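Chemist: Could you have a look at this structure, given as structure tokens, before my questions?
Read-outs: derived from the displayed coordinates by stated rules, not from any lab. Computed from a predicted model, the values in this text were never measured in an experiment. Methodologically, a virtual Cβ is constructed for each residue, glycine included, from the backbone with ideal geometry; neighbour enumeration extends over all protein chains shown.
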Amino acid sequence: MEVRAEKPEDVEAIHRMNAAAFGREDEANLVDQLRGGISTFSFVAVESEQIVGHLFFSPVAIAGECADNLFVLGLAPVAVLPNYQRQGIGTFLIQHGLKECDRSGCKAVFVLGSSEYYQRFGFISAKEKRLRCEYLVPDEAFMVLELESGALNGCTGPVKYRSEFNKLG
Ligand SMILES: CC(C)(COP(=O)(O)OP(=O)(O)OC[C@H]1O[C@@H](n2cnc3c(N)ncnc32)[C@H](O)[C@@H]1OP(=O)(O)O)[C@@H](O)C(=O)NCCC(=O)NCCS
């Protein structure tokens, strides 16, 4: 299994695999809308020349107090084809993606999801960093990983995703 950056010819397969993993088109459409935006990152997991996993990052903004121009990203969505789940592909994709975010100068990554799943990568509740999600979600579901230790010190307030996320139910 190989993890690599998305290529132009992957676009349709990525759409199909997100729709299959989530059982609806919303996340697949979201990726199509966000793709190509500034500071977006898209990775695929490939096995036997088939795209079996996909991971996307897009910029988020700390709308409260924070250092100017702090480069922070949101991890979403991540998906693995149903028949390939629970084989470590999601873990491998996320570990690879986080390293690439770090290499690109990103200081912290936010994620909204299962704390049980994301804590294995070092994510902690964003509340511990005095940051909250713009959406009404349980505190433990909105998490952050500092790629540079202390990068979020002094930051506080709501964290905003790109407006395209507002359509996700
Ligand atoms: C979430 C997802 C990407 C994980 O990919 P994966 O390749 O199956 O994950 P891994 O094999 O690396 O890890 C499997 C572990 O994650 C756990 N896990 C998977 N999905 C989980 C979830 N939604 N909540 C909690 N734990 C989860 C499994 O219990 C398993 O734990 P174990 O290793 O202790 O048995 C995949 O299940 C998926 O595509 N789900 C549908 C889409 C989705 O919900 N994406 C996340 C929201 S953006």
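Chemist: Just to check I understand the Karplus step: with θ = phi - 60° and J = 6.51 cos²θ - 1.76 cosθ + 1.60, what whole-Hz values come out for segment 70-86, glycine and proline as x?
Modeler: 5, 8, 10, 10, x, 8, 4, x, 10, 8, 10, 3, x, 6, 10, 6, 6
Chemist: Could you work out how far apart the two model spin labels at Q50 and S104 are, taking each label as a point 7 Å from the Cα in the direction of the beta carbon, and quote it in nm?
Modeler: In this crude spin-label approximation the distance works out to 2.8 nm.
Chemist: With +1 on each Lys and Arg Cβ and -1 on each Asp and Glu Cβ, and nothing else charged, work out how big the dipole of segment 69-169 is about its Cα centre, in Debye to the nearest 20.
Modeler: 120 debye
Chemist: Show the residues, 5+ positions off or on another chain, whose built amide H is closer than 5 Å to the amide H of V60.
Modeler: V72, L73, G74
Chemist: So which of K7/K107; K99/K167; K107/K160; K99/K127; K107/K127; K107/K167 end up more than 22 Å apart by C-alpha?
Modeler: K7/K107; K99/K167; K99/K127; K107/K167
Chemist: Now for a separate question. How are the C-alpha pair distances of the chain spread across 5 Å bins, as whole percents from the shortest bin up?
Modeler: 1, 9, 19, 22, 22, 15, 8, 3, 1, 0
Chemist: What is the spin-label model distance, in nm, from S149 to T40 if the labels are put 7 Å beyond Cα along the C-beta direction?
Modeler: 3.5 nm
Chemist: Using DSSP to define loop residues, name the GluC sites (Glu not before Pro) in segment 134-169 whose beta-carbon has at most 12 other beta-carbon atoms within 10 Å.
Modeler: Answer in residue order: no site qualifies.
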